[in-house]
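Taking it in order: structure first as structure tokens, then the write-up.
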Amino acid sequence: SPAVLIPRPETELLVETALAYAASDGTQVLDLGTGSGCIAITLGLGRSSWRVIASDVSSQALGVARDNANKWQAKNVTFRLGIWFSAVPAQRFDLIVSNPPYVAEGDPHLEALRFEPTNALVAEDNGLACLQTIIDGAPSHLVTGGLLVLEHGHDQAHAVRNMFATRGWSDVQTRTDPAGLDRVTFGRSSGV
């Protein structure tokens with residue numbers, strides 16, 4: 001649907017990272033900016049004991065995600081409307097995942113993405129604003145030792161690791177996609 005991004009291979013790396021590094025049983029998961037729901041649904045289907053909340057600021061995107069969850073019978077995935085953490089006030093999770101907008105305004109790649117929603121692609125501050133918001137807000141929504149996994153642009157890994165470091169995260173690592181590009185960075189919360 002024009003309301004959501006087309007899932008891409010680099011998002012598979014985000015899902016693989018979450019499945020590999022998060023606890024296996026009873027995990028409480030938050031997918032921020034779920035779009036089509038592909039991340040939340042895949043995590044929910046991959047780990048039936050996990051409870052996944054998928055949030056998005058777009059009610060149209062949530063409609064697509066709900067339809068996809070019903071199609072794939074992802075019964076452990078629920079949906080919330082809201083921007084970032086406003087959808088889950090005062091809740092804590094074991095795992096937070098997100099593929100937020102991270103393309104800089106004016107990026108030449110935007111022309112190839114013209115059929116996708118710009119608000120799901122573009123972020124201020126050279127594409128880093130949403131990543132910074134999530135890294136700053138996640139500690140108060142994660143249990144101590146909880147995992148935050150973020151997809152980002154291939155040239156943003158250094159900046160994203162610095163954001164994690166400035167906020168006091170531990171075990172910060174970046175993973176590369178099959179093309180050898182840095183695409184996913186994650187870290188553990190030291191608590192708030």
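Q28 sits among other residues whose Cβ lies under 9 Å from its own Cβ, and their net charge, with Lys and Arg +1 and Asp and Glu -1, is +1. Sequence-ordered 3J(HN,Hα) estimates for segment 77-88 from the Karplus curve with 6.51, -1.76 and 1.60 and θ = phi - 60° stand at 10, 10, 10, 9, 8, x, 8, 6, 7, 5, 6, 9 Hz, glycine and proline given as x.
Counting 0.36 nm for each residue step from A23 to R80 and taking away their Cα separation leaves a gain of 18.2 nm. Taking the Cα centre of each part, how many Å lie between segment 149-192 and segment 26-60? Their Cα centres are 20 Å away from one another.
About the centre of its Cα atoms, segment 1-95 shows a dipole size close to 280 debye [charges on the beta carbon of Lys, Arg (+1) and Asp, Glu (-1) only; nearest 20 debye]. When the GluC sites (Glu not before Pro) in segment 9-62 are filtered for DSSP coil states and for at most 16 other beta-carbon atoms within 10 Å of their beta-carbon, no site remains. Residues within the reach of a label modelled at S140 (point 7 angstrom out along Cα to beta-carbon, backbone nitrogen below 20 Å), restricted to segment 147-173, are 147-149, 163-170. Of the solvent-accessible surface of segment 5-72, computed with a 1.4 Å probe over protein heavy atoms with every protein chain present, carbon and sulfur atoms account for 51 percent.
The values are calculated or read from the model by the stated rules, or taken from the named source; none is laboratory data. Being a predicted model, the structure only gives us computed values, none of them experimental. FYI the Cβ positions are ideal-geometry reconstructions off the backbone, even for glycines, and counts take in every protein chain you see. Note: accessible area is taken over every heavy atom of the protein model, side chains too, but ligands, DNA and RNA are not part of it. Shrake-Rupley method; radii C 1.70, N 1.55, O 1.52, S 1.80 Å.
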